[in-house]
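*Asks:* Sharing a structure below in C-alpha cells format, with a few things to ask.
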Amino acid sequence: MMYDVIIVGGSYAGLSAGLQLARARRQVLVIDAGQRRNCFAATSHGFLGQDGQAPAIIAAEGRSQLMEYATVTWVQDRVVEADGFSVRTEHNGTFEGRRLILATGVVDVLPDIEGLEERWGKHVFHCPYCHGYELDQGRIGVLATSPLAMHHALMLPDWGTTTLFTNGVFTPDAEQQAQLDRRGVRVESGVVRRICGARADLELDDGRVFSLDGLFTMSRTQISPLAAQLGCELADGPTGPYLFTNDMRQTSVPGVFACGDASLAAGSVALAVAEGVRAGVGAHFSLING
C-alpha cells in the first residue's frame, strides 16, 4: 500500500512524530531496527513525567500508545536503502510513501581506550544533565578527546569535584586555564592508559590511578547513510555532522523530514520527543499543502 508517511526509526523521536500523524488519521509506517542510542543506560533523566524511568520502559510505553491508532503499521527491520520516498528493508522488501521522516539517530564512536566501551552509559557518560545528579557531588573526570573538552570541564563542577584529563590532546592556554581555575577544575596531563575499577577509575601512562565516581567524554557521532543516499544537506556539529532542517524539520530534500539526534547537534530524550512533534506536524502540513 501507499503510506502517507514512512518513519525510519522507532525510538523517542520517531514515536513522537508518528503520534502526531496518527492523530491526524494518516496512514503511517514505522520501520525500526531496535537500536536505541541510550540502551546502555539504566535510567533516563530530565524528561518531565518520566524522570528516573528505564529508557526501555519509556520506549515500550510510547510504542504501545502509538499502536492503539488503527492507521499505524510497525515493521521491525533495518532500512538499507532509500530512494525518494521509497525505502528498501533488509528482510521485508520495499515500501512506498508520500513523505519520509528520518528518525534514525546516530552511532557513537567512542575513544579507543581500554575499559571505556563496557562502561559507556553506566559510569562513562556524555550528558551532565542526564547523569550528573546521580553522582551525588562526587569525584568526576573529564576525558579530553579534543579542545571541546573545555565545555564539559566548565560545566561539571556544578555536579561534583572535577578533574580534566587532557590526554595529550590539547593544553589549555592562559585564558582557558584561568577559566578552569575560577571553576575549581584540576588539570592533569599525561596520556590515559585505561579505565578500570568498579566504576570509572582512570589510569595514566605514568601509572597513576585516579578514583572517580563518573567520567564524561565526547564521542564522535555518525549518521545513517540514508541521508547521503537521499542527497540531504548536512551541517557540522561539535561531535560530527547532522541533518540540516528548517523550522518544520524538513531537510534540504522536499518531503523528507528529520528529527531526533540525527538532526540535532546535541541530544536527549526530551529534545528528541519535542523534535519529533515538529517533524510529524511538518510532514502533515506538507501533505495538506501538496
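Just so it is clear, none of the values below were taken in a lab; they were calculated from the coordinates. Computed from a predicted model, the values in this text were never measured in an experiment. Don't worry about glycine lacking a Cβ; one is built from the backbone with ideal geometry, like all the others, and counts go over all protein chains shown.
*Asks:* Multiplying the sequence separation of residue 90 and residue 209 by 0.36 nm and subtracting their Cα-Cα distance, what value in nm do you get?
*Replies:* Between residue 90 and residue 209, full extension yields an extra 38.2 nm.
*Asks:* Hey, can you rank 58-71, 232-245 by average C-beta count inside 10 Å, highest first?
*Replies:* Ranked from most to least packed, the peptides come out as 232-245, 58-71.
*Asks:* In whole angstrom, how far apart do the alpha carbon centroids of segment 161-189 and segment 233-290 sit?
*Replies:* The distance from the Cα centre of segment 161-189 to that of segment 233-290 comes to 35 Å.
*Asks:* Let me ask something else about it. Most fluctuating residue of 16, 44, 189 in a GNM of the chain with Cα springs under 10 Å: which is it?
*Replies:* Greatest mean-square fluctuation among the candidates belongs to 189.
*Asks:* Under 19 Å from a point 7 Å along the Cα-to-Cβ line of residue 137: which residues of segment 157-199 have their amide N that close?
*Replies:* It comes to 157-163, 183-186, nothing else.
*Asks:* Can I ask one more? Output the antiparallel fraction of DSSP beta bridges having both residues in the chain, as a percent to the nearest 5.
*Replies:* In the chain, approximately 40 percent of DSSP beta bridges are antiparallel ones.
*Asks:* To continue, here is another question. Please work out whether segment 111-217 counts as rounded, prolate or oblate from its C-alpha gyration tensor, where a ≥ b ≥ c are the square roots of the eigenvalues and a/c under 1.5 means rounded, while otherwise a/b larger than b/c means prolate and anything else oblate?
*Replies:* Verdict is oblate for segment 111-217.
*Asks:* Quick one: work out the % antiparallel among DSSP beta bridges in segment 72-229, nearest 5.
*Replies:* 50 percent
*Asks:* Of 205, 32, 77, which is the most mobile in a GNM of the chain whose springs link Cα atoms less than 10 angstrom apart?
*Replies:* Looking only at 205, 32, 77, the biggest GNM fluctuation is shown by 205.
*Asks:* Another question, if that's okay. Let's see if you can work this out: charge +1 on each Lys and Arg Cβ, -1 on each Asp and Glu Cβ, no other charges. What is the dipole magnitude of the chain about its Cα centre, in debye to the nearest 20?
*Replies:* 660 debye
*Asks:* With an 8 Å cut-off on Cα pairs and a minimum separation of 6 or more residues, tell me the relative contact order of the chain in percent.
*Replies:* Reported as a whole number, the value is 22 percent.
*Asks:* Count neighbours as other Cβ atoms within 10 Å of each site's Cβ, and list the trypsin sites (Lys or Arg not before Pro) in segment 127-200 that are DSSP loop with at most 16 such neighbours.
*Replies:* 183
*Asks:* Same structure, new question: Return the unpartnered cysteines for the chain, using a Cβ-Cβ cut-off of under 4.7 Å.
*Replies:* Isolated Cys, the chain: 39, 196, 232, 259.
*Asks:* Right, next: Compute the Rg/Rh shape ratio of segment 130-191: radius of gyration over Kirkwood radius, all on alpha-carbon atoms.
*Replies:* Looking at segment 130-191, the ratio lands at 0.95.
*Asks:* Residue 285 label point, 7 Å along Cα→Cβ, cut-off 20 Å on backbone N: hits in segment 84-104?
*Replies:* Residues 98-103 qualify, since their backbone N sits under 20 Å from the label point.
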